[in-house]
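Readers should treat all values here as calculations from the given coordinates under stated rules, not as data from a laboratory. Just so we're clear, the structure is a prediction, and the values are computed from it rather than from any experiment. Here the Cβ positions follow ideal geometry from the backbone for every residue, glycine too, while neighbour counts run over all protein chains shown.
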Amino acid sequence: MKIENNVSLKKHNSFGIDIVAKQFAIFQSINELEEIISYSTCNIQHATLILGGGSNILFTKNFDGIVFKNELKGIEVVKEDAEHIYVKAAAGELWHNVVLYCIKNNYAGIENLSLIPGCVGAAPIQNIGAYGVELKDIFYELQAYHLHDKTIQTFKLTDCNFGYRESIFKNKFKNQFVIVNVILKLNKQPIFHTQYGAIEKELETMKVKELSIQNISQAVINIRSAKLPNPKIIGNAGSFFKNPIVSKFRRYTIWEYHKDVVSYAIDEMNFKLAAAWLIEKCGWKGYRKGDAGCNPLQPLVLVNYGNATGQEIYDLSEQIIQSVKKEFSVVLEREVNII
Ligand code: FAD
Ligand code: EPU
């Protein structure tokens, strides 16, 4: 166990923001985490950040506390019944490695979530989602360590309050729990989700004759690689904002002036709008000031071309929010965690 002081987090966040954490420690077991807690000089209750891959965080200033870098490892099958396989993955495993493990073994349900960056422990925090599937659809339970009580607690599906990019860990229990492992409930018989338009088109391009979880995963990988900037080359944290949910009335008033508005009905009264469309319409697509920019292929993704500060990216996000609000009376909400 080693606690380091004044550590740059540049290589620990996918935006590549160069800020300094007062203390930084890696833990590979709960015992190690407890040791770090007892030796740290920081206030664990108020100044703690649990870090996975740093792919959904924007640091806007130095972090005046301790960063726990989670490196808990292990993937195993823990249970099986007639229809399902239960896979337990430690929080420090890369999410995509778990996807590859399941696909290799023909455990279905996770294929649409291929290539999402980051670690398993962060997946429940915002209920990661892509191409018509969310973590909640394959979630069984998780174990989490309570930083105050020092106990390990189990959360079942209904305990997590999962929603669109939401969970209880982002709200009521924010910064209280360290997620230790997640158990996924995968299907023995696949149920394919190809309704997301881009997948069907990509499967056609790939000339796929018979659907399989392997080729759906490959289609998702192809689509993502074509449109999302690789954080190893250009700093980013995926979608910076959520797609806003608005009333039927608000969507109608936008549609009256913009017949090309991109929206999806959520229920009888509400629509989800494509934030990328709103941002593009406000003229931000491809915008760049200094090293902070709005991605030219997918404007929902804000980027760091090199040496932007977190504050510069944040200021750009604020300008975008204000202009979308002025133009469409819709308030964009940030998806990325601002620290
Ligand atoms: P971090 O950024 O390290 O942490 C995110 C939050 O989770 C922080 O609040 C952190 O404190 C908390 N946290 C992390 N680990 C733990 C733990 N063990 N216990 C408690 N709290 C913890 N997201 C999607 O949902 N869908 C996508 O399609 C998608 N595409 C992306 C594409 C790109 C190119 C990028 C860069 C990001 C994308 N994301 C997407 C966002 C991101 O990959 C996910 O949110 C991912 O789950 C973050 O994982 P991480 O380990 O990097 O988390
Ligand atoms: N669009 C435009 N202009 C553009 C790009 C897109 O108008 O330049 C419109 C298109 O009409 C397109 C629509 O926006 O159909 C939606 O775009 P896309 O399919 O790229 O998805 P998204 O809504 O922008 C969401 C998630 C992504 C996830 C994809 C695929 C959110 C906030 N983002 O993006 O998740 O990978 O769908 O399911 O829900 C993330 O959370 O970080 C993330 C990348």
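Size of the dipole of segment 235-338 about the Cα centre, Lys and Arg at +1 and Asp and Glu at -1 on the beta carbon, nothing else charged, in debye to 20?
On the way: 13 positive and 12 negative charges, 42 e Å.
Dipole of segment 235-338, to the nearest 20 debye: 200 debye.
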Report summary line: Spelling it out for Phe139: with amide H atoms placed in the peptide plane at 1.01 Å from N, the residues 5 or more places away or on another chain with amide H under 5 Å from its amide H are Lys185
Report summary line: Using alpha carbon centers only, segment 1-70 is separated from segment 236-253 by a whole-angstrom value of 32 Å
Query - Span from the segment 258-286 Cα centroid across to the segment 291-324 one, whole angstrom - result: 19 Å
Report summary line: When the chain is treated as a Gaussian network with springs between alpha carbons less than 10 Å apart, the largest mean-square fluctuation among Lys201, Lys285, Lys185 is found at Lys201
Query - Cα Rg, Dmax, segment 75-187, angstrom units - result: 13.2, 40
Query raised in the report: With contacts defined as alpha carbon pairs under 8 Å and 6 or more residues apart, what's the relative contact order of the chain in percent?
Result: 16 percent
Query raised in the report: Semi-axes, largest first, in whole Å: what does sqrt of 5 times each Cα gyration tensor eigenvalue give for the chain?
Result: 31, 28, 18
Query raised in the report: Between Ser14, Ser55, Ser317, which gets the highest mean-square fluctuation from a Gaussian network model of the chain, Cα cutoff 10 Å?
Result: Ser317
**Report entry** Amide hydrogen neighbours beyond the local backbone of Tyr287, cut-off 5 Å, H modeled
**Finding:** Cys294
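Using 0.36 nm times the number of residues separating Tyr164 and Glu4, minus their current alpha carbon distance, what extension gain do you get? Working shown, then result.
Values: separation 160, 0.36 × 160 = 57.60 nm, distance 3.63 nm.
Fully extending the segment from Tyr164 to Glu4 adds 54.0 nm.
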**Report entry** Spatially close lysines, pair count over segment 235-338: Cα under 24 Å, gap of eight or more or interchain
**Finding:** 28
Query raised in the report: Which residue, Ala275, Ala237, Ala265, tops the fluctuation ranking in a GNM of the chain built on C-alpha contacts under 10 Å?
Result: Ala265
Query raised in the report: So for segment 3-70, Kirkwood radius off the Cα pairs, Stokes-Einstein at 20 °C and 1.002 mPa s: how many µm² s⁻¹?
Result: 179 µm²/s
Query raised in the report: Using alpha carbon centroids, what distance separates segment 126-140 and segment 173-187, in Å?
Result: 13 Å
Requested in this report: With a cut-off of at most 10 other beta carbons within 10 Å, and DSSP calling the residue loop, which GluC sites (Glu not before Pro) in segment 230-334 qualify? Please list them.
Outcome: Glu268
